[in-house]
Amino acid sequence: MEEEKRIGVYVCWCGTNIAKMVDVVDVAKEIGKLPNVVIAKDYKYMCSDPGQELIIKDIKEHNLDRVVVSACSPRIHELTFRKALQNAGLNPYMFEMANIREQVSWVHTDRGEATRKAKSLVAAAVNRITWHESLDKRTVDINPATMIIGGGIAGISAALEIGNSGRKIFLIEKENKLGGHLAGVDLTFPYMYSADQILKPLIKQVTNNPNIEVFLNTQIDEVFGYVGNFETKITPGDGKEVELKFGNVIVASGLKPYDPGGIENYGYGKLPNVITSLEFEQMLKKGKIVTKEGAEPKNVAIIHCVGSRNKDYHEYCSRICCMTALKFSNQLRSALPDTNIFECYADIRSFGKGCEEFYAQTSRKDIMFLMFDQKNDLPRIRKAETMDECDMLIEFNELLSGEDIEVPADMVVLMVALEAQENARDIAHAVGVSMCGNEFYIERHPKLDPVATTTDGVYVVGGCQSPKDIPDSISQARAAAARILATINIGQVEVEVTTAVVNEDICCGCQTCVNVCPYTAISFDEEKGVSVVNEVLCKGCGTCGSTCPTGAIRSRHFTDKQILSQIEGLMSTSIELQEV
Amino acid sequence: MKEMSQYGMGTWNACFHCGNCTAVCSLTEEGILFPRKEIRALQMGLEDKLATSVEPWLCYYCGDCTETCPRDANPGELMMSVRRWLTAKYDWTGLAGLFYKSLSALIIAFVLVAIGIVAMGFVKDFNSEAVMYFGHILEFYLILTVFTIILIPNILRMFYFTVIKAKVNAPFGSYIAAIGNLITHMFTQVKTLKCDKQTVRWLEHFLLVMGYLGLLVITVFLDWFGTENQIIIYMGYITGGLVFVFTFLLMISRLSKARELNKYSQPTDWFFIIWLFLMGFTAFLVRLFIDIDLLNDHFWIYMVHLIVVSQWGMLLVPFGKWTHFLYRSFAVSFANLKKAALIKKLATAA
């Protein structure tokens, strides 16, 4: 030991959450015997105001320089306690948390064993904190411009929200006009507002807003930089290269309809009167529902879940097709009062405001709802014989009656699934967001942080994150806008300080770290022949540090010494703990 | 489906098959499922399936299903409508269907019968003895004719639909047992008691049936209007009274709509109750007028009674709601055959 460390340890009961399975009093007593531990206490709720004041008081009275709290997950309260340390005049990084709730009391059933494990975890934290160092916060300035990728309803909404507040927007659209899929929609469920009446005024506002610069026929290749200071080069339709600088990115690149040609049962592409929901939407928009032969269909069948909720295609629910199908039935019933309408469905999912009511109203409009087995027995469509007096026959076992039936149809509308854009991977790579298995973008936290991503300054909204209806897309867009305006308002953003640093004296210039960094935060300095970490981009994941063959890269707050002593603390039983 | 809406309310489209109705029903059981199954057959237009099902007759319309329905699809009233449709389906003459669907046809038939009776009275010079003699004979033959020509063939048709066409393969012994519960159910309707909170309703119905059957026997077979036997005369007053008191109560509850089953009334329901009431009431008055020597001066009261009885016997009994008396009782038997067949089938399978 070079110098004396003065550690305070606090064991939380979390009411009964921890205390019922862990003998917290015993843990505090045993840990109190460890070297460098000046004080060890147990308390009912450490995160409460009196709990935090207890720590602050002890730091001052006992001259503590490090604090260990053993309570819940650091994801929940690490920041709370760091702030308490700061209030007491300590560096917030002189703090360590041992999780004895999620990792102990909630998952174990033997009180003795659980208490032993809690002691080990706290001992590990005590061992680790001995080697903690003070780290200083760093901030960077924010460029107040924002780039939005995608000019659909989500991108437009975000652009207006930020643009109207007087901030610059670069709105990038790959097609030759704004509006996205909504531009192809006739009426919207469940209140039957016209999509044009929703969309057109918004597009007008975008084009009239001097703060919003729209680039049509434009794709994004690569985005450089970090939160507050991004830059990219784009080549709009006119072929002239433009360089853009911005502080935040909103990805609103949307999704695309599934191509049902891959489902043999439905004969899409072979039977001319089998059409997709988008094609039918076009018919509605034109105001003319006719078969390929130009006749008014006497029987229209709508098949749900085409490409959704089936392990052979997409396993997820595409979320808007049920309501769109019900909307189709309503519009069909108004346009063709005598036509037989068949809704062939797997389950009707009519969640959301006004939607269940819409379903109930629709079901009273003389529409036949027929249920099929989406998992194992998809309907089969075949060309009908002349005597059948219809164009096609749809054959399946109807689940609610148990009967094998044949549904006559002159037109079949396939409610196709919604899937990620073809270039979803390229955009993800360009801006540094992650994708889940089905290529939709992953948000930072599915519940607590639904529009941010793990890359600071990059937000995902609307259909590119998962299939969504209009209100949900707009809500996300405006949420991202609010987040961005907040950072612009502060003008600066705090960046992670637990980053990697290169010891230039030891670095051999092998560039292994450059290749493994998932955040492209490491570059190579040709002149000096060493790697250089861009500390703004670095997330402190530690991949470089563990790959570096010479040990030249050191991850702040996750140094080898800190980790190894933590492991030692974990492996030794708390009572026989040896000094490191 | 469109046809069915002429027999009652057309709200079953609203059903999305949650199954609450079947779950809450006290009478439905394994193999004999209702009302969801019937609603599905109806929505899909599976006419054969509906025509061969005996289940609608097993429902006594307690209204629990309608109260539980989250979609206000009114399954209870649907079962009632299906029973009307089945009544028409079983009737080989087609008149039952006509009268259910067309109120004007029913009224014309009523008027024709009334004219016939008045004409007969005119022919006989409104001589009280001659007319009453004729009336008594008419009642007697009417019962005989309606049974042999209409009701028995219709019951056979019901048997054909629900047992033969439905391919119910019941063991022979169960047929004998079925006759036993036929008699029980025809005169007691005890199955109603299996429904929740239906004891009062059952008692009302039971007393009304007893009153009606009693009045029938006393007037037709014991010649209430001609007899001197004091016991028969008093029995007649009691039974006639029962009929009009309880029909009066039924009318009040239909009007107040307090019970689920009374919320919706088809015109034929009203005809049935009002005519039953009038029959009891006029019979009561006729005998009263005889006893206080007013009948000769007020012979019109007998004419009214005879018109009511003839309309009842010629129209409402063979083609209307009255038939539920038979169909329900037979349905219990046929359902037992179905259950026996199911048990046999399961046994063979095992």
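The values are calculated or read from the model by the stated rules, or taken from the named source; none is laboratory data. Since the structure is predicted, the reported quantities are computational estimates derived from the model, not experimental observations. As a convention, Cβ positions derive from the backbone with ideal geometry for all residues, glycine included, and neighbour counts pool all protein chains shown. These accessible areas exclude ligands, DNA and RNA; they are computed on the full protein's heavy atoms, side chains included. Shrake-Rupley method; radii C 1.70, N 1.55, O 1.52, S 1.80 Å.
Report yes if some residue within the range B:219-234 is assigned to a helix (DSSP H, G or I), within 19 Å of the chain's Cα centre (by Cα), assigned by TED's automatic domain parsing to the domain that holds B:SER102 and β-branched (Val, Ile, Thr); otherwise report no. Within the range B:219-234, none of the residues are assigned to a helix (DSSP H, G or I), within 19 Å of the chain's Cα centre (by Cα), assigned by TED's automatic domain parsing to the domain that holds B:SER102 and β-branched (Val, Ile, Thr).
Only residues that are aliphatic (A, V, I, L, M), open to solvent by less than 40 Å² (accessible area, probe 1.4 Å) and either under 25 Å from B:PHE334 (Cβ atoms) or under 17 Å from the mean Cα position of the chain (by Cα) (or both) were counted in the range B:129-157, giving 4. Could you tell me whether B:THR87 is away from chain A (no Cβ under 14 Å) and either of a type outside the set (Asp, Glu) or in contact with a Phe, Trp or Tyr (Cβ under 7 Å, 6 or more places away or on another chain) (or both)? So B:THR87 fits the description; yes. Looking only at the range B:30-52, which residues are open to solvent by 10 Å² or more (accessible area, probe 1.4 Å), under 24 Å from B:ILE343 (Cβ atoms) and more than 9 Å from chain A (Cβ to nearest Cβ)? Selection gives B:GLU30, B:GLY31, B:LEU33, B:THR52.
Would it be correct to say that A:TYR45 is open to solvent by less than 10 Å² (accessible area, probe 1.4 Å), of a type in the set (Ser, Thr, Tyr) and either touching a helix residue (DSSP H, G or I) at 6+ places or on another chain (Cβ under 7 Å) or farther than 24 Å from A:HIS132 by Cα (or both)? It would help to see each step written out before you state the result.
On the way: open to solvent by less than 10 Å² (accessible area, probe 1.4 Å): no; of a type in the set (Ser, Thr, Tyr): yes; either touching a helix residue (DSSP H, G or I) at 6+ places or on another chain (Cβ under 7 Å) or farther than 24 Å from A:HIS132 by Cα (or both): yes.
Spelling it out, it is not the case that A:TYR45 is open to solvent by less than 10 Å² (accessible area, probe 1.4 Å), of a type in the set (Ser, Thr, Tyr) and either touching a helix residue (DSSP H, G or I) at 6+ places or on another chain (Cβ under 7 Å) or farther than 24 Å from A:HIS132 by Cα (or both).
Taken over the range B:10-21, the criterion of being within 26 Å of the chain's Cα centre (by Cα) and more than 12 Å from chain A (Cβ to nearest Cβ) is satisfied by B:CYS21 alone. Report whether or not B:GLY94 is open to solvent by less than 20 Å² (accessible area, probe 1.4 Å) and more than 14 Å from chain A (Cβ to nearest Cβ). In short, no.
Residue check: is A:GLU78 within 24 Å of A:GLU568 (Cα to Cα), at pLDDT below 95 and within 25 Å of the chain's Cα centre (by Cα)? The answer is yes for A:GLU78. Total residues in the range A:358-377 satisfying the condition of being open to solvent by 20 Å² or more (accessible area, probe 1.4 Å) and more than 14 Å from chain B (Cβ to nearest Cβ): the figure is 4. Pairing residues of the range B:109-128 that are farther than 23 Å from B:PHE271 by Cβ and assigned by TED's automatic domain parsing to the domain that holds B:PHE271 with residues that are of a type in the set (Gly, Ala, Ser) and surrounded by 11 or more Cβ atoms within 10 Å (Cβ to Cβ), at Cβ distances under 6 Å and at least 6 apart in sequence or on separate chains, gives B:LYS124/B:ALA130.
Within the range A:258-276, which residues are more than 19 Å from A:ASP391 (Cα to Cα) and touching a strand residue (DSSP E or B) at 6+ places or on another chain (Cβ under 8 Å)? Passing the criteria: A:TYR258, A:ASP259, A:PRO260, A:GLY261, A:ILE263.
Cβ-Cβ distances below 6 Å connect the following pairs, each with a first residue in the range A:106-125 that is surrounded by 13 or more Cβ atoms within 10 Å (Cβ to Cβ), a second residue that is among the hydroxyl-bearing types (Ser, Thr, Tyr), and a separation of six or more residues or different chains: A:LYS119/A:SER574; A:VAL122/A:SER70; A:ALA123/A:SER574. Residues that are under 20 Å from the mean Cα position of the chain (by Cα), in the same structural domain as B:ILE137 (by TED's automatic domain parsing), closer than 22 Å to B:PHE140 by Cβ and of a type outside the set (Ser, Thr, Tyr) are absent from the range B:158-173. Annotation: A:PHE280 fulfils all but one of (1) surrounded by fewer than 21 Cβ atoms within 10 Å (Cβ to Cβ); (2) at pLDDT 95 or above; the unmet one is (1). Number of residues in the range B:185-215 that are of a type outside the set (A, V, I, L, M, F, W, C), closer than 24 Å to B:GLY313 by Cα and modelled with pLDDT of 80 or more equals 5. Which condition number does B:MET314 fail, the rest of (1) within 16 Å of the chain's Cα centre (by Cα); (2) open to solvent by 30 Å² or more (accessible area, probe 1.4 Å); (3) within 24 Å of B:GLU204 (Cα to Cα) being met? Here B:MET314 meets the rest and fails (3). Got at least one residue in the range A:337-344 being over 33 Å from the mean Cα position of the chain (by Cα), assigned to a loop (DSSP other than H, G, I, E, B) and within 14 Å of another protein chain (Cβ to nearest Cβ)? Yes, there is a match, as at least one residue in the range A:337-344 is over 33 Å from the mean Cα position of the chain (by Cα), assigned to a loop (DSSP other than H, G, I, E, B) and within 14 Å of another protein chain (Cβ to nearest Cβ).
Test of understanding: among A:ARG349, A:ARG382, which residue is within 27 Å of A:LYS327 (Cα to Cα), assigned to a strand (DSSP E or B) and open to solvent by 10 Å² or more (accessible area, probe 1.4 Å)?
When all the criteria are applied, what remains is A:ARG382.
Quick check: is even one residue across the range A:437-446 among the small types (Gly, Ala, Ser) and open to solvent by 30 Å² or more (accessible area, probe 1.4 Å)? Within the range A:437-446, one or more residues are among the small types (Gly, Ala, Ser) and open to solvent by 30 Å² or more (accessible area, probe 1.4 Å). State whether one or more residues within the range A:137-148 are crowded, with 21+ Cβ neighbours inside 10 Å, in a helix (DSSP H, G or I) and touching a residue at least 12 places away in the same chain (Cβ under 8 Å). There is no residue in the range A:137-148 that is crowded, with 21+ Cβ neighbours inside 10 Å, in a helix (DSSP H, G or I) and touching a residue at least 12 places away in the same chain (Cβ under 8 Å). Residues of the range A:302-334 that are of a type in the set (Gly, Ala, Ser) and either farther than 30 Å from A:LYS375 by Cα or in contact with a Pro (Cβ under 8 Å, 6 or more places away or on another chain) (or both): A:GLY307, A:SER318, A:SER334. Within the range A:41-81, being among the basic types (Lys, Arg) and outside any helix (DSSP H, G or I) holds for A:LYS41, A:LYS44, A:ARG66. Report yes if A:ILE289 is among the aliphatic types (A, V, I, L, M), part of a loop (DSSP other than H, G, I, E, B) and over 30 Å from A:ALA145 (Cα atoms), otherwise no. Criteria met by A:ILE289. Of the residues in the range B:135-157, not one is at pLDDT below 90, over 19 Å from B:SER310 (Cβ atoms) and in the same structural domain as B:HIS305 (by TED's automatic domain parsing). Hey, does the range B:49-62 have a residue that's polar (S, T, N, Q) and more than 23 Å from the chain's Cα centre (by Cα)? No, the conditions are met nowhere in the range B:49-62. Considering only the range B:171-188, state which residues are open to solvent by less than 40 Å² (accessible area, probe 1.4 Å) and closer than 19 Å to B:ALA347 by Cβ. Once the filter is applied, which keeps residues that are open to solvent by less than 40 Å² (accessible area, probe 1.4 Å) and closer than 19 Å to B:ALA347 by Cβ, the range B:171-188 yields B:SER174, B:ALA178.
Take the residues of the range A:162-211 that are outside any helix (DSSP H, G or I) and small (Gly, Ala, Ser): which is surrounded by the fewest Cβ atoms within 10 Å (Cβ to Cβ)? Reasoning before the result, please.
Initial filter on the range A:162-211 (outside any helix (DSSP H, G or I)): A:164-179, A:185-194, A:209-211.
With the extra rule that they be small (Gly, Ala, Ser), the set shrinks to A:165-166, A:179, A:194.
On the way: A:SER165: 15, A:GLY166: 11, A:GLY179: 22, A:SER194: 13.
Within the range A:162-211, the match that is surrounded by the fewest Cβ atoms within 10 Å (Cβ to Cβ) is A:GLY166.
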